[in-house]
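J.: Have a look at this one before I ask anything.
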Amino acid sequence: MSSRWADSEADAAEAKRRKKEKEEKKRLKLQKQQAEQEAAVRAAQQAESRPSKRRRLSNDDEEEEGKNGPSSKENESQRKLLRFEAGSWAPCRHTSNFETLNHIEEGSYGWVSRAKDITTGQVVALKKIKMDTHHQDGFPITAMREIAILQRARHTNIVSLHEILTGSASDEVVLVMEFLEHDLKTLQEDMPEPFLASETKTLLRQLTSALSFLHSNFILHRDLKTSNILLSNRGHLKIADFGMARYIPPPHAPPPTQLVVTLWYRAPELLLGTETYSTEIDMWSLGCIFGELLLKSPLLQGKNEVDELALIFALCGVPTDKTWPGFWRLPNSKSLKIPRDPSSSSLKTSSQIRSKFPSLTTEGVSLLSSLLSLNPDRRPSADEVLRHPYFSEAPKPKPMELFPTFPSKAGQERRRRAVSPNAPKRGEAPGMGDVDFSGLFGEGEGVKGSGFQLRVV
Amino acid sequence: MQQPSPLANPLATVAQLRETGSQIDNIPRDLEDSVRFAGAQLTQAAGILLRLPQEVIAQAIIVFARFWLGPEGGSLAEFGARQVSAASIYLTTKLSAYPKSPRSIVNVYAYLDSIPFPSFETDVLRTENKAEEYYVSEGTYQTRKLDLFETEQRILKVLGFQLQVSLPYALCITYLQALDVFSHPRASELAKRATAHLNTALLSPQLMYLTHQPPSLATAAIYLAAKETGIKLPDVEWWEVFDTDREELGFLVVALLSVESFAKEEQKVWQGKKVPMTVEAVEAELKRRHASQD
């Protein structure tokens with residue numbers, strides 16, 4: 001192959017180099033042949049051979065090679081270098097390659113439908129991206145992030161992105177993803193009884209292993225909730241909807257937005273306006289989902305930010321200097337009239353998780369309580385959760401193959417519109433600094449479940 | 001599909017290297033090379049003015065380069081290098097931790113348009129400070145913004161949304177550490193030289209980042225930098241430790257060395273003229289070439 005770009009001088013150098021290389025190869029080949037002949041002789045001579053497995057880097061000391069015998073020489077010619085493959089790129093295919101079967105759901109930034117690849121017959125989920133009609137920022141950043149992250153995040157418990165299609169209209173963009181029959185939210189609503197303890201374990205373990213993968217690849221999901229978790233008819237769980245996901249930003253980059261995670265799954269530090277958050281917010285959501293799987297209904301259904309926080313404190317107790325030292329440094333904590341020493345008041349500082357989940361084992365309570373630690377530093381990492389004794393004690397996680405099957409709403413009929421709130425949108429909610437939490441503990445009374453007013457100053 | 005290696009880049013296929021959209025439109029190859037080279041430099045200059053980290057600029061240049069390849073790639077008869085460069089920067093920064101507004105990008109490209117190419121002096125770009133003089137009018141801004149968004153979508157479509165870029169910079173430092181060169185008194189000179197070669201490779205008409213993986217690029221940069229600085233590296237085939245064979249190393253070193261003569265040649269060819277960075281300018285250049293032939 002002659003280089004079409006290089007100038008003649010470089011070409012000449014290249015040709016020279018190649019020639020030299022050829023000679024070198026010839027020499028090596030000859031050497032190898034000799035060695036092989038020697039080897040045959042030697043193999044006949046001595047029965048016990050001592051193959052040297054040493055990986056060699058140098059050609060220079062050839063006398064030594066003779067000593068080591070043929071095996072080292074063979075190693076040299078077979079020296080395997082790692083090859084890195086990441087494919088290529090090709091223009092988007094047209095949407096007409098797919099035939100829509102039925103619509104599934106309208107999400108926060110796109111419409112999802114079930115469709116069939118016309119050539120292969122494969123059933124997939126199509127997610128059509130809503131384009132910003134005002135064209136404020138060009139192609140929607142949420143969709144770009146979702147695509148970029150899904151391209152990188154290939155994991156057995158993460159929904160896989162096959163390709164991206166474009167339509168006849170210039171702004172029609174469609175994601176082709178694998179189709180799974182259920183999402184956990186709709187499925188639970190239709191189930192008469194919650195999942196069994198062994199099933200809950202299998203689901204939670206799959207979910208956690210996906211999270212462990214994401215976090216070790218510096219990806220935050222930022223919108224974990226049961227409606228974003230898909231389940232196949234074979235009990236295979238996959239996380240979907242990476243519209244809020246992003247890479248953990250480098251240390252000196254501007255802080256990411258606090259307006260993330262659907263309210264019911266939002267960690268207390270986010271509600272309190274933290275500017276530096278990380279993987280712990282996903283672990284809080286995981287705790288909420290664990291609770292939801294046990295109860296068959298969402299754990300902390302707050303009506304607004306204040307109410308959500310009140311519900312959290314009612315379940316987990318109010319924070320103290322001891323349990324959450326950083327609490328008073330969070331922007332919104334000052335407006336909470338929590339006494340510095342809650343033991344002197346009637347506020348509960350202890351967790352109510354034990355009494356809320358009477359049938360859960362001690363290990364289960366320990367795992368759930370740690371995930372729902374108010375202090376983000378006390379929450380376990382996904383890897384730590386996977387090693388938790390809860391997964392090894394009886395009942396053992398149920399094998400996926402033994403999972404019951406359910407009629408699929410997404411596969412066969414129109415689904416009800418989801419009633420759970422959506423993830424916050426940019427510029428939709430008032431800035432967290434404007435939310436007045438002062439009513440929350442104004443009277444110094446015990447925490448009530450709900451009924452607080454959101455007052456915007 | 002498997003998890004792609006975080007060290008790997010999607011590479012151009014043979015078919016993509018053989019024929020480009022511009023060639024189908026009868027744009028001479030040398031003109032395409034010149035425009036692509038100038039476009040990469042323009043992107044680098046815009047990135048410096050936008051105060052972007054080099055990793056982000058490098059990604060933008062690679063996205064810019066991918067756009068033109070293959071028969072289904074962008075053609076200079078349809079897209080100007082300036083608009084593609086601007087949209088590549090816009091796209092890349094949007095996904096990075098350093099997003100830039102369309103307005104900043106439009107203004108920066110308006111300023112760069114006023115500088116005769118090819119005289120982007122890095123030091124000048126870092127110190128010049130009369131930005132306000134180049135702010136475009138509201139009307140111009142609206143038009144260019146729309147153009148930016150449309151080009152953005154076309155790039156996404158042509159690339160099939162393949163914006164993944166792995167860079168060799170951090171690898172290069174890791175390799176130098178593995179080679180234990182940082183105990184050498186002139187180690188920083190070597191590291192700087194190697195980094196400079198990696199930046200040079202971004203401009204290479206041989207599209208090194210589109211044909212070779214980051215580990216090999218880092219290895220070649222180190223090899224060449226060590227030769228130039230006279231710092232001795234282990235007397236063995238150390239490049240194989242970094243998964244680069246002798247043949248690839250040789251090719252990359254030659255390619256790195258050839259960029260300088262290519263740049264000098266370009267300077268000579270385009271002396272006193274601007275490399276055509278818009279569709280209209282390319283048309284005008286083609287007319288001029290026809291006229292001079294007659």
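The values are calculated or read from the model by the stated rules, or taken from the named source; none is laboratory data. Predicted model only: the values in this text are computed from it and were never measured. As a convention, Cβ positions derive from the backbone with ideal geometry for all residues, glycine included, and neighbour counts pool all protein chains shown. Accessible surface is based on the protein model in full, side chains and every heavy atom, while ligands, DNA and RNA are left aside. Shrake-Rupley method; radii C 1.70, N 1.55, O 1.52, S 1.80 Å.
J.: Calculated FRET efficiency, A:Ala394 and A:Thr119, Cβ-Cβ r, R0 60 Å, to nearest 0.05?
T.: Working: r = 49 Å, r/R0 = 0.81.
My answer for the efficiency is 0.80.
J.: Still on this structure, I have one more. In straight Cα distance, which lysines are under 17 Å from A:Lys25, not counting same-chain residues fewer than 8 positions off?
T.: Answer for A:Lys25, where 17 Å is the Cα cut-off: A:Lys16, A:Lys73, A:Lys80, listed by chain and number.
J.: Tell me, what ³J(HN,Hα) does each residue in the stretch A:228-235 have, in order and in whole Hz, if you take phi through Karplus 6.51 cos²θ - 1.76 cosθ + 1.60 with θ = phi - 60° and put x for Gly and Pro?
T.: Values per residue, Gly and Pro as x: 9, 10, 9, 9, 7, 5, 9, x Hz.
J.: How far apart, in nm, are two points set 7 Å out from the Cα along the Cα-to-Cβ line at B:Lys227 and at A:Glu24?
T.: 1.2 nm
J.: Quick one: Cα centre-to-centre distance for the stretch B:186-248 and the stretch B:73-95, in angstrom?
T.: Using only Cα atoms to place each centre, the spacing works out to 29 Å.
J.: Can you pull the mean other chain C-beta count within 10 Å for peptide A:377-388?
T.: Values: counts 0, 0, 0, 0, 0, 0, 0, 0, 0, 0, 0, 0.
Mean inter-chain Cβ contacts per residue within 10 Å come to 0.
J.: With every protein chain left in place, what is the accessible area per residue of the stretch A:256-328 in square angstrom, probe 1.4 Å? Show your work: numbers first, answer last.
T.: Numbers: 1810 Å² over 73 residues.
On a per-residue basis, the stretch A:256-328 sits at 25 Å².
J.: Within 10 Å of each candidate Cβ there may be at most 16 other Cβ atoms; applying that plus a DSSP loop requirement, which trypsin sites (Lys or Arg not before Pro) in the stretch B:32-74 survive? The partial results should precede the final answer.
T.: On the way: sites: B:Arg36, B:Arg51, B:Arg66; in loops: B:Arg51.
Here the sparse-neighbourhood loop sites are B:Arg51.
J.: Shifting gears a bit: Just checking the output field for B:85-96: average partner chain Cβ neighbours within 10 Å of each residue's Cβ?
T.: On the way: counts 0, 0, 1, 0, 0, 3, 3, 0, 0, 7, 8, 4.
Average neighbour count from other chains, rounded to a whole number: 2.
J.: What quantity of accessible surface, computed with a 1.4 Å probe and excluding non-protein components, is buried in total between chains A and B, in Å² to the nearest 100?
T.: That pair hides around 5200 Å² of surface in total.
J.: Using a 10 Å cut-off on Cβ to Cβ distances, tally the other chain neighbours for every residue of B:69-78 and report the average as a whole number.
T.: Working: counts 2, 4, 0, 2, 2, 0, 0, 0, 0, 0.
Mean inter-chain Cβ contacts per residue within 10 Å come to 1.
J.: OK, next. Report the net charge of residues surrounding B:Val56, where surrounding means a beta-carbon distance below 13 angstrom and charges are Lys +1, Arg +1, Asp -1, Glu -1. Display every interim value, and only then the final one.
T.: Working: positive: B:Arg51, B:Lys94, B:Lys100; negative: B:Glu55.
Taking every other residue near B:Val56 into account, the sum is +2.
J.: On to the next question. Compute the distance in nm between two label points, each set 7 Å from the Cα along the Cα-to-Cβ direction, one at B:Ser5 and one at A:Glu401.
T.: Placing both labels 7 Å beyond Cα along the Cβ direction yields 3.5 nm.
J.: Looking at the stretch A:217-289, which GluC sites (Glu not before Pro) are in a loop (DSSP not H, G, I, E or B) and have at most 15 other Cβ atoms within 10 Å? Before the final figure, lay out the partial values.
T.: Details: sites: A:Glu269, A:Glu275, A:Glu280; in loops: A:Glu275.
Here the sparse-neighbourhood loop sites are A:Glu275.
J.: With θ taken as phi - 60° and the coefficients 6.51, -1.76 and 1.60, list the Karplus ³J(HN,Hα) couplings across the stretch B:78-90 in order, rounded to whole Hz; mark glycine and proline as x.
T.: 10, 10, x, 4, 5, 5, 5, 4, 4, 5, 5, 5, 4
J.: When a/c is below 1.5 the answer is rounded, else prolate if a/b is larger than b/c, else oblate, so apply that to the stretch B:1-59 with a ≥ b ≥ c taken from the square roots of the Cα gyration tensor eigenvalues. List each step's numbers first, then the result.
T.: Working: a/c = 3.81, a/b = 1.10, b/c = 3.47.
It is oblate, given that a/c is not under 1.5 and a/b is not larger than b/c.
J.: I want to check the label-to-label distance for B:Arg18 and B:Glu265. Put each point 7 Å from Cα in the C-beta direction and report it in nm to one decimal.
T.: 2.4 nm
J.: Considering only the other residues whose Cβ falls under 14 Å of the Cβ of B:Ile24, what net charge follows from Lys and Arg at +1 and Asp and Glu at -1? Intermediate results must be reported in sequence, preceding the final value.
T.: Details: positive: B:Arg18, B:Arg29; negative: B:Glu19, B:Asp25, B:Glu32, B:Glu72, B:Glu78.
Computed value for this residue: -3.
J.: Taking 0.36 nm per intervening residue step and subtracting the Cα-Cα distance, what contour gain separates A:Thr156 from A:Lys322 on full extension? Don't skip to the answer; put the middle values down first.
T.: Details: separation 166, 0.36 × 166 = 59.76 nm, distance 3.99 nm.
This chain segment gains 55.8 nm when fully extended.
J.: Strictly greater than 16 Å: what percent of every Cα pair in the stretch B:159-273 meets that? All intermediate terms of the calculation are to be shown ahead of the outcome.
T.: On the way: 3935 of 6555 pairs.
Of all Cα-Cα pairs in the stretch B:159-273, 60 percent lie more than 16 Å apart.
J.: A follow-up question, please. Ignoring ligands, DNA and RNA, what percent of the 1.4 Å accessible area of the stretch B:132-216 is carbon and sulfur? Provide the component values of the computation, followed by the final result.
T.: On the way: 1900 of 3630 Å².
C and S atoms contribute 53 percent here.
J.: OK, next. Collect residues whose amide H, placed 1.01 Å from N in the peptide plane, falls under 5 Å from the amide H of A:Asp183; neighbours closer than 5 in sequence don't count.
T.: HN-HN under 5 Å from A:Asp183: A:Leu231.
J.: Heavy atoms only, probe 1.4 angstrom, no DNA, RNA or ligands counted: give me B:Tyr135, B:Tyr90, B:Tyr98 ranked by accessible area, highest first. Don't skip to the end; give the middle numbers.
T.: Numbers: B:Tyr135 130, B:Tyr90 5, B:Tyr98 70 Å².
Largest accessible area first, the residues go B:Tyr135, B:Tyr98, B:Tyr90.
J.: Threshold 10 Å², probe 1.4 Å: give the residues of the stretch B:216-245, in number order, that are less accessible with all protein chains present than with their chain alone.
T.: Listed in order, they are B:Asp235, B:Val236, B:Glu237, B:Glu240, B:Val241, B:Asp243, B:Asp245.
J.: A further question follows. Would you tally the net charge around A:Ala153, using a Cβ to Cβ cut-off of less than 15 Å, leaving A:Ala153 out, and scoring K and R as +1, D and E as -1? Please list the in-between numbers first.
T.: Numbers: positive: A:Arg145, A:Arg152, A:Arg154, A:Arg222, A:Lys238, A:Arg246; negative: A:Glu146, A:Glu178, A:Asp223, A:Asp241, A:Asp282.
Here the charged neighbours net out to +1.
J.: Using a 1.4 angstrom probe on heavy atoms only, work out the carbon and sulfur share of the accessible area of the stretch A:84-235 in %. Mind dumping the intermediate values first?
T.: Numbers: 2920 of 5640 Å².
Answer for the stretch A:84-235 is 52 percent, counting heavy atoms of protein chains only.
J.: With a ≥ b ≥ c taken as the square roots of the eigenvalues of the C-alpha gyration tensor of the stretch A:227-342, please select rounded if a/c is under 1.5 and otherwise prolate if a/b is larger than b/c or oblate if it is not?
T.: On the way: a/c = 2.36, a/b = 1.34, b/c = 1.76.
In terms of gyration-tensor shape, oblate.
J.: Under the 0.36 nm per residue contour assumption, what length would be gained going from the current alpha-carbon distance of B:Asn199 and B:Ser292 to full extension?
T.: Values: separation 93, 0.36 × 93 = 33.48 nm, distance 3.63 nm.
Difference between extended and current length: 29.9 nm.
J.: Taking amide H positions as placed 1.01 Å from N in the peptide plane, with prolines and chain starts having none, which residues 5 or more places from A:His103, or on another chain, fall under 5 Å of its amide H?
T.: Hits under the 5 Å cutoff: A:Arg114.
J.: Could you compute the FRET efficiency for A:Ser355 and A:Asn304, with r as their C-beta to C-beta distance and R0 at 45 Å, rounded to 0.05? Please list the in-between numbers first.
T.: On the way: r = 26 Å, r/R0 = 0.58.
With a Förster radius of 45 Å, E is 0.95.
J.: Answer rounded, prolate or oblate for the stretch B:36-99, using the Cα gyration tensor with square roots of eigenvalues a ≥ b ≥ c: rounded when a/c is under 1.5, else prolate when a/b is larger than b/c, else oblate. Provide the component values of the computation, followed by the final result.
T.: Details: a/c = 2.22, a/b = 1.77, b/c = 1.26.
It is prolate, given that a/c is not under 1.5 and a/b is the larger ratio.
J.: Also, I was wondering about something else. Tell me, which residues of the stretch B:160-178 get at least 50 Å² less accessible area when the other protein chains come in, versus the chain alone (1.4 Å probe)?
T.: Residues passing the criterion (a loss of at least 50 Å², heavy atoms only) are B:Phe161, B:Gln164.
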